[in-house]
Amino acid sequence: MAIIPTYEIDLVKAKTSKINDVDFNNLTFGRVFTDHMFVCDFKDGEWQKPQIMPYQAMTIDPSARVFHYGQAVFEGMKAYKDEDGKVFLFRPDQNFERINKSSARMAIPEFPKDYFFKGLETLLKLDSEWIKPGVGNSLYLRPFVIATEPAISASPANEYRFMIICSPAKAYYNEPVRVLFAEKFSRSADGGVGFAKAAGNYGAQFYPTSLAQKKGFQQIIWTDASTHDYLEEAGTMNIFFRIGDKLITAPNNDRILDGVTRKSVIQLAEDLGIECEVRRVSVKEIKDAAKNGSLKEIFGAGTAAVISPVSAFEHAGDVFEIPEEENSYATLFKSTLLNIQHNLAEDKHDWRYEVK
Ligand SMILES: *Cc1c(COP(=O)(O)O)cnc(C)c1O
């Protein structure tokens with residue numbers, strides 16, 4: 001793949017900024033977008049010259065494959081600003097590798113590394129004012145790829161669009177969540193696309209999740225599709241269980257997304273001397289632990305919410321409340337991660353990536 005220097009990105013700057021219209025203290029996640037976006041089209045067998053332009057609506061032919069067959073993948077990452085105004089990403093190489101893994105599974109051509117990083121960094125420099133310092137503030141970055149070729153034949157497209165849009169965020173899902181363990185519906189199956197951030201994985205969860213919400217549970221913890229006996233992950237977060245002083249999380253496989261937050265928590269647990277077992281974890285084990293009082297915590301781990309504590313779970317009509325834990329691992333991991341992300345703590349694994 002061709003390596004292109006930054007100056008070869010076609011750049012059209014926004015004439016005015018929308019930033020003064022935004023109340024940064026009252027942000028709803030994913031509603032407001034920055035002044036610019038990154039766009040790169042794939043046609044004639046290659047990625048064309050990348051562009052950065054004012055954030056705007058776009059025209060796509062109604063027959064584009066993305067509308068009919070969901071040939072689309074995405075990523076979720078964040079930029080942070082420290083008190084000196086330095087901008088950082090967190091393990092962005094992981095997101096880059098993952099979007100290409102997702103793309104490969106969806107028969108979408110891989111995106112060049114240089115375009116990804118140059119595009120991201122140029123965009124962040126332009127919209128740097130939108131990244132507010134302070135722990136918990138961030139700029140959520142949404143790279144995604146859609147099949148744009150106008151033709152509804154059920155086959156991979158020959159044309160795609162790679163884009164990055166950016167939305168200022170506060171850490172969300174701050175309230176502990178009540179979850180339901182899936183008994184009927186499944187998110188993914190062996191040989192499927194559960195490991196990919198493929199658009200359809202998320203659309204397919206909305207209906208079962210809306211049923212759970214009617215019963216008073218905000219999220220579903222998905223179980224294995226064949227038996228529903230083993231706990232796998234939440235819809236946008238990996239999941240950790242604490243029994244006694246030990247953490248347990250499911251191993252990655254075809255069905256489970258390989259989360260950056262998850263792998264960071266596993267590493268931090270090792271650094272902090274907390275035992276963490278990566279193995280299958282059954283619904284029965286968690287219900288038994290809840291009954292005998294050894295279940296101390298359940299928490300989700302993902303870029304958007306960082307760490308999201310679970311206050312109760314339901315399975316087969318049984319509801320278990322999880323008493324608040326004084327020395328919570330969830331709180332410990334959340335603050336440890338945020339401090340590394342915001343350049344407030346030592347970064348011994350080289351996870352921070354400064355945007356210069
Ligand atoms: C994005 C995502 C996660 C979390 O991954 P991070 O890299 O930690 O943000 C977990 N599960 C699913 C299904 C996801 O889509």
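Observations, loosely collected:
- Within the stretch 261-277, the set of residues being small (Gly, Ala, Ser) and within 16 Å of the ligand (Cβ to nearest atom) comprises SER264, ALA269.
- A single entry from LYS113, LYS118, LYS184 fulfils the requirement of being over 21 Å from GLU46 (Cα atoms), out of contact with any Lys or Arg (no Cβ under 7 Å at 6 or more places or on another chain) and either outside the structural domain of ASP61 (by TED's automatic domain parsing) or not hydrophobic (A, V, I, L, M, F, W, C) (or both): LYS184.
- Within the stretch 97-107, the only residue that satisfies the criterion of being among the hydrophobic types (A, V, I, L, M, F, W, C), away from the ligand (no atom under 12 Å from the Cβ) and assigned to a helix (DSSP H, G or I) is ALA104.
- Pairing residues of the stretch 105-127 that are touching a residue at least 60 places away in the same chain (Cβ under 8 Å) with residues that are of a type in the set (S, T, N, Q), at Cβ distances under 6 Å and at least 6 apart in sequence or on separate chains, gives MET106/GLN71; LYS118/THR6; THR122/THR6; ASP127/THR34.
- Set side by side, the residues GLU110, GLU121, GLU83 differ, and just one is in a helix (DSSP H, G or I), surrounded by fewer than 23 Cβ atoms within 10 Å (Cβ to Cβ) and not basic (Lys, Arg), which is GLU121.
- For GLU297, the conditions (1) more than 16 Å from the ligand (Cβ to nearest atom); (2) surrounded by fewer than 19 Cβ atoms within 10 Å (Cβ to Cβ); (3) acidic (Asp, Glu) all hold with the exception of (2).
- Selection within the stretch 232-258 - near the ligand (Cβ under 9 Å from one of its atoms), surrounded by fewer than 23 Cβ atoms within 10 Å (Cβ to Cβ) and at pLDDT 95 or above: ILE256, ASP258
- Some residue of the stretch 278-289 being away from the ligand (no atom under 14 Å from the Cβ) and either in a strand (DSSP E or B) or modelled with pLDDT under 95 (or both): yes
- Restricting the first member to the stretch 253-264 and to residues that are within 16 Å of LYS78 (Cα to Cα), and the second to residues that are more than 6 Å from the ligand (Cβ to nearest atom) and of a type in the set (Ser, Thr, Tyr), the beta-carbon pairs closer than 8 Å and six or more apart or on different chains are ARG262/THR249.
- For SER138, the stated conditions do not hold, so it cannot be described as of a type outside the set (Lys, Arg), surrounded by 15 or more Cβ atoms within 10 Å (Cβ to Cβ), more than 16 Å from GLU354 (Cα to Cα) and within 16 Å of the ligand (Cβ to nearest atom).
- Flag for ARG142 being of a type in the set (D, E, K, R), under 19 Å from the mean Cα position of the chain (by Cα) and either in the same structural domain as PRO92 (by TED's automatic domain parsing) or over 30 Å from ASP23 (Cβ atoms) (or both): yes
- Residues in the stretch 180-227 that are assigned to a strand (DSSP E or B) and either within 12 Å of the ligand (Cβ to nearest atom) or free of Cβ contacts under 8 Å to residues at least 40 places away in the same chain (or both): ALA198, GLN219, ILE220, ILE221, TRP222.
- Residue within the stretch 71-93 that is away from the ligand (no atom under 14 Å from the Cβ), under 22 Å from ASP254 (Cα atoms) and either more than 13 Å from the chain's Cα centre (by Cα) or touching a residue at least 12 places away in the same chain (Cβ under 8 Å) (or both) present: yes
The values are calculated or read from the model by the stated rules, or taken from the named source; none is laboratory data. Since this is a predicted model, take the numbers as computed values, not measurements. Neighbour counts are summed over all protein chains in view; Cβ atoms, including those assigned to glycine, are modelled from backbone coordinates with ideal geometry.
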